[in-house]
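Visitor: First the structure, which I've put down as structure tokens, then a few questions once you've had a look.
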Amino acid sequence: MAHMIDTTTGTAAIAYAGQTPWHGLGQALTPDASIETWTREAGLNYTVNESPVLFQTDATTGPEEFTGRKVLHRSDTGGALAVVSDGYRVVQPADVMGFFGKLVELGGFQMETAGVLSHGRRVWALAKVNEGADIVEGDTVRPYVLLGTSYDGTMATVAKFTSIRVVCNNTITAALGRENSGTVRVLHSERFNPDAVRLELGIVGDNWERFLIQSRKLSRETMSRIEADIFVTALLHPFHTSKLELNETRGYRRIMDLFNGQAIGADIPGVAGTRWAMLNAVTELVDHERGRGNNTRMESAWFGTGAALKNKALELLSA
């Protein structure tokens, strides 16, 4: 199953407003649906429970508890999610949706998608902040807030301010400097405080304006072939493991092709040959082409190495 959307309850655990997702699964909701409706229709109306780890051997007369570890499991299906340490703090699906419920109450935020992956081991939700603005005329970008967490120890709870380029659905994390990076990570050894995360993100404040200023500046700066080569080499070098020369790898060649006119939106006047075009060449590769499949690509683009690559691209281009 390429999409890995959770179907253990018999229904695809995803809800969305607007355009149908690429996999065609899930429940379509109206943008003004309540958070309670979103939680139910996205398959997030369960809790993650904890139980001790028990074991039995020929030397024991009955099950014994393995100290320092616990099993996480779902309240609805009973399915086991992972064995984690005793200090692992669970951020419940209700906590994720409650985070967005508060934003919707504040006004200006609209739920767009939410769901469950990998039998319940990961959950996420995404809300639109506003209708967006143009970087250049006809090239609209919309701001979003994304929150995801895991129940198998593979990912911290991550909240990030991100933006989506309408013409190609590229996602660009707003990297706005080390002191205001647009991303908040809460380790599972720490307590999740939604009010503190909302405050740290600055999602109601200056982040969007800063991103617009930063992106419009990139759209006014041209990039020569030599500069493009230097940039892509610097970007990919930390990730380069192939025996091929870096400029012979698929990643290098594909970014250069996308930058040189093959990217979606490259024909919008004022985009071609700019640092903005290069940023979107990288994001198009990460969001639409890189990885083994659509689902792993999405997770990587939002939370993993793909997100790191996009952040690095924006950092280098803005330096």
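Visitor: Before I look further, what does the chain give for accessible area per residue, probe 1.4 Å, in whole square angstrom?
Guide: Working: 15180 Å² over 319 residues.
Dividing the accessible area of the chain by its residue count gives 48 Å².
Visitor: Give me the percent of accessible area attributable to carbon and sulfur for region 2-124, probe 1.4 angstrom.
Guide: Heavy-atom surface of region 2-124 belonging to carbon and sulfur, 1.4 Å probe: 50 percent.
Visitor: In Å³ and rounded to a whole number, note down the convex hull volume per residue for the Cα atoms of region 42-110. Don't skip to the answer; put the middle values down first.
Guide: Details: hull volume 6.3 nm³, N = 69.
Value for region 42-110: 92 Å³ per residue.
Visitor: Moving on. Need the full-extension length gain, residue 102 to residue 257, defined as separation in residues times 0.36 nm minus the C-alpha distance. One decimal, nm.
Guide: On the way: separation 155, 0.36 × 155 = 55.80 nm, distance 4.30 nm.
Stretched out fully, the residue 102 to residue 257 stretch lengthens by 51.5 nm.
Visitor: In whole Å, largest first, what are the principal axis extents of the Cα atoms in region 34-165?
Guide: Its Cα atoms span 74, 27, 22 Å along the three principal axes.
Visitor: Modelled label-to-label distance, residue 315 and residue 166, 7 Å Cα→beta-carbon offset: nm?
Guide: According to this spin-label approximation, the distance is 3.2 nm.
Visitor: With N denoting the number of residues in the chain, provide Rg(C-alpha) divided by 2.2 N^0.38 Å, to two decimal places. It would help to have the intermediate numbers written out before the result.
Guide: Numbers: Rg = 21.2 Å, N = 319, 2.2 N^0.38 = 19.7 Å.
Output field value: 1.08.
Visitor: Once fully extended, how much extra length lies between residue 246 and residue 225, figured as 0.36 nm per residue of separation less the alpha-carbon to alpha-carbon distance?
Guide: Details: separation 21, 0.36 × 21 = 7.56 nm, distance 1.61 nm.
Full extension of this stretch gives 6.0 nm more.
Visitor: Relative contact order for the chain: what is it in percent, counting Cα pairs under 8 Å that are at least 6 residues apart?
Guide: Working: 562 pairs, mean separation 40.9, N = 319.
Across the chain, relative contact order equals 13 percent.
Visitor: Can you pick out the pairs among 160/217; 70/160; 70/128; 70/312; 243/310; 70/310 whose Cα atoms lie more than 31 Å from each other?
Guide: Numbers: 160/217 22 Å; 70/160 29 Å; 70/128 36 Å; 70/312 37 Å; 243/310 24 Å; 70/310 36 Å.
From 160/217; 70/160; 70/128; 70/312; 243/310; 70/310, over 31 Å: 70/128; 70/312; 70/310.
Visitor: Another question, if that's okay. Give the relative contact order (percent, whole number) for region 55-160; include only Cα pairs under 8 Å separated by 6+ residues. Let's see the in-between values first.
Guide: Values: 161 pairs, mean separation 20.1, N = 106.
Value for region 55-160: 19 percent.
Visitor: May I pose another question? Quick one: among 242, 215, 224, which has the greatest mean-square fluctuation in a GNM of the chain with alpha-carbon springs under 10 angstrom?
Guide: 242
Visitor: A follow-up question, please. Which loop trypsin sites (Lys or Arg not before Pro) in region 18-114, with loop taken from DSSP, have no more than 16 other Cβ atoms within 10 angstrom of their Cβ? Kindly include the intermediate steps, with their values, before the conclusion.
Guide: Numbers: sites: 40, 69, 70, 74, 89, 102; in loops: 89.
Answer in residue order: 89.
Visitor: Next question, about the same structure. If you filter region 110-152 for GluC sites (Glu not before Pro), then keep DSSP loop positions with at most 12 other Cβ within 10 Å, what is left? The partial results should precede the final answer.
Guide: Details: sites: 112, 131, 137; in loops: 131, 137.
In loop regions of region 110-152 (DSSP not H, G, I, E or B), the sparsely surrounded GluC sites (Glu not before Pro) are 131, 137.
The values are calculated or read from the model by the stated rules, or taken from the named source; none is laboratory data. Owing to the predicted nature of the structure, the values given are computational and were not obtained by experimental measurement. Glycine gets a Cβ as well: all are built from the backbone with ideal geometry, and neighbour counts include every protein chain shown. Just so you know, the surface numbers come from the protein's heavy atoms only, side chains and all, with ligands and any DNA or RNA stripped out. Shrake-Rupley method; radii C 1.70, N 1.55, O 1.52, S 1.80 Å.
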